Amino acid sequence: GVADIATARHAVAEGHVDLIGMTRAHMADPYLVAKLTRGAETRIRPCVGLGYCVDRVNQGKAAVCGHNAATGREAVMPHLIPRADTHKKVAVVGGGPAGLEAARVAAQRGHAVTVLEAADQPGGQILLASQNPRRRELLSIIDWRMQQCLDAGVDFQFNTWAEAGDVAANAPDAVIIATGGMAQTDLFENGNELVVSTWDIISGDVKPGTNVLLFDDGGDHAALQAAETIAKSGAKLEFMGPDRNISPDVMGMNLTPYMRELQPLGVTFTMAHRLVGVARDGNQLTAH
């Protein structure tokens, strides 16, 4: 399906089609046509191809959007952000998707917003997720929010590890903490210092060895993305998890492409097993 205005415009203008239905694009932004009509095309929130909406529908659940929190929740969350009666100073700590969304909404409410981000650019974990070429479009989750924030006058302070003094410097009326989480490797009875996280692999900070065991304790995208990175490096990979299914939080629309990539690379899948400890054995590791 066509999910962006540029492709749709080209297809119609060239006579390839008479009509295009853009379902997912309208779930990402139900005001797509209204914005296009009034010449505000750059304000259209783009569908990024998460597949979350379709996965939800296939499970008999409400069709919600991973890029637009209001979609499917219109009774309790407005698409159009009303102006606040009283304008305040708001500090947001963290420039990932949550921090940028908080900043965007607060700025559209009329508040003066400052975002403090430890890294030299916005994005948080989206920067890791988008390392997979199939999920490159996830960057639009960040790019769109950044543009909306900049248009609304949000002040960004990058390379800022926010301590209490940094947050209080502008005397904000409200502080929003959106620092996310960190990869957790302190899981085992022994050998925690011998393991690396999926983030280390995805970011390229750690190069996989030749014989790798990946233990998926989270059940989500990070393990599968790291597995793909490891397997494509030429390493022998065993993918292990405590559940009866592979990465149960990743639904069919996304799980299938991962499996199509991993299975031809000879990855071994060991389910319903839990890693309890790791010990050094010469230049190898023994997993228990």
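Rolling a 1.4 Å probe over the protein heavy atoms of the chain, with every protein chain left in place, gives an accessible area that is 51 percent carbon and sulfur. Quick one: how many Å² of Thr286 are accessible to a 1.4 Å probe, rounded to 10? The accessible area of Thr286 comes to roughly 50 Å². Give me the lysines in straight-line cross-link reach of Lys207: C-alpha distance below 22 Å, same-chain residues under 8 apart excluded. Within the straight-line cut-off, Lys207 pairs with Lys232, Lys236. Counted by Cβ distance under 13 Å from Met259, the other residues give a net charge of 0, where Lys and Arg count +1 and Asp and Glu count -1.
Roughly how many Å is it from the Cα centre of the range 183-262 to that of the range 72-115, as a whole number? If we compute the Cα centre of each part, the gap is 35 Å. Within the same chain, aspartates and glutamates fewer than 8 places from Lys35 are excluded, and of the rest, those with a Cα less than 14 Å from its Cα are Asp4. Kirkwood hydrodynamic radius of the chain, from the reciprocal of the average inverse Cα-Cα distance over all distinct pairs: 21.6 Å. Normalising the average separation of contacting C-alpha pairs (under 8 angstrom, six or more residues apart) by the number of residues puts the relative contact order of the chain at 13 percent.
Taking amide hydrogens as modeled 1.01 Å from N in the peptide plane, which residues meet the under 5 Å criterion relative to Phe269, leaving out close sequence neighbours? Hits under the 5 Å cutoff: Phe239. Scaled against the 2.2 N^0.38 Å expected of a compact globular protein of N residues, the Cα radius of gyration of the range 38-191 reads 1.16. What longest region of the chain stays clear of GluC sites (Glu not before Pro) that DSSP places outside H, G, I, E and B and that have at most 16 other Cβ atoms within 10 Å? The longest such stretch corresponds to 190-288.
A simple spin-label model places the labels of Asn159 and Ala62 4.4 nm from each other, with each point 7 Å out along Cα-to-Cβ. The C-alpha radius of gyration of the range 211-272, expressed as a fraction of 2.2 N^0.38 Å, stands at 0.98.
The values are calculated or read from the model by the stated rules, or taken from the named source; none is laboratory data. All values reported here derive from a predicted model rather than from experimental measurement. Quick reminder, even Gly has a Cβ in these numbers, built from the backbone with ideal geometry, and neighbours come from all protein chains shown. Just so you know, the surface numbers come from the protein's heavy atoms only, side chains and all, with ligands and any DNA or RNA stripped out. Shrake-Rupley method; radii C 1.70, N 1.55, O 1.52, S 1.80 Å.
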